[in-house]
């Protein structure tokens, strides 16, 4: 009769370690899968915010700061490291110590970046848009000094805008340049965006006779293209500040129109 001592099967042989090894391997894979999921969950939201700010799908105003870019880069590396470890296991190999250290280091960096990052505010495009309106108004006044009426060419207006830095908006990963659009025989400023126009479009509306004009610019509000409520009035070779009226003289403490 076969002996049945401790650690031996009835046939006298030790039990195989396959069952224990399988359970240990399952625990090992589940633990690293949990680490990967945790790191991806920490990085996904700021990385997505950064990606959407590039304006691939529609014009966008990118968020300030570097947390989004760092999160996107770490997320890419974490996904690549997870796939590399999964392929190594699928081929029957065991990742070495450097691979484990690099993977855990990426997870630790994800924790650190998320803990140190605060959701950044969106950049305020209004000051840049006001500066663009002033530049276009200066070109408009220059045309009046020559013709004694507002009759500028769109090229002259565009040249004044091209001299400025690009706008804060992005579209298809590129910063949008300001674009001039001339509207003749107008009776008031253009207060609604025209179909198909992007942010950073400067409308120059000229009244019949060319003695008066209005300048306005498109912006983004909650992802929608709108016109900045701070137009410039121009008349007889001079112009107001954005959001102010030529009929109302400036005085100390005067405020512009609300945004």
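The values are calculated or read from the model by the stated rules, or taken from the named source; none is laboratory data. Note that the structure is predicted; figures quoted are calculated from it, not measured. All Cβ positions, glycine included, derive from the backbone under ideal geometry; neighbour counts span all protein chains shown.
One residue is enough: does region 78-92 have a residue meeting the conditions surrounded by 12 or more Cβ atoms within 10 Å (Cβ to Cβ) and under 21 Å from the mean Cα position of the chain (by Cα)?
no
Each row is one residue, and each column tells you yes or no for (1) at pLDDT below 85; (2) within 19 Å of residue 171 (Cα to Cα); (3) in contact with a strand residue (DSSP E or B) (Cβ under 9 Å, 6 or more places away or on another chain).
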residue	(1), (2), (3)
36	no, no, no
40	no, no, no
47	no, yes, no
58	no, yes, yes
65	yes, yes, no
70	no, no, no
74	no, no, no
80	no, no, no
84	no, no, no
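Of the residues 165, 59, 127, 152, only one is under 24 Å from residue 244 (Cα atoms) and under 31 Å from the mean Cα position of the chain (by Cα); which?
127
Here is a yes/no grid of residues against (1) modelled with pLDDT of 95 or more; (2) part of a strand (DSSP E or B):
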position: 202; (1), (2): yes, yes
position: 208; (1), (2): no, no
position: 220; (1), (2): no, yes
position: 230; (1), (2): no, no
position: 242; (1), (2): no, no
position: 248; (1), (2): no, no
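Condition first: at pLDDT below 90, part of a helix (DSSP H, G or I) and at negative phi. Can you find one or more residues in region 115-127 that meet it?
Yes - at least one qualifying residue is present in region 115-127.
Which of the numbered conditions does residue 137 fail, given that it passes all the others? Conditions: (1) part of a helix (DSSP H, G or I); (2) surrounded by 11 or more Cβ atoms within 10 Å (Cβ to Cβ); (3) outside the structural domain of residue 164 (by TED's automatic domain parsing).
It fails just one condition, (3).
Could you list, in sequence order, all residues of region 93-120 that are over 33 Å from the mean Cα position of the chain (by Cα) and more than 16 Å from residue 28 (Cα to Cα)?
If the condition is that a residue be over 33 Å from the mean Cα position of the chain (by Cα) and more than 16 Å from residue 28 (Cα to Cα), then 98 is the only one that fits.
With the requirement that a residue be buried (at least 21 other Cβ atoms within 10 Å of the Cβ) and part of a helix (DSSP H, G or I), what does region 162-184 give you?
Result: no residue meets the conditions.
What's the number of the condition residue 157 fails, among (1) part of a loop (DSSP other than H, G, I, E, B); (2) crowded, with 19+ Cβ neighbours inside 10 Å?
Of everything listed in (1) part of a loop (DSSP other than H, G, I, E, B); (2) crowded, with 19+ Cβ neighbours inside 10 Å, residue 157 misses just condition (1).
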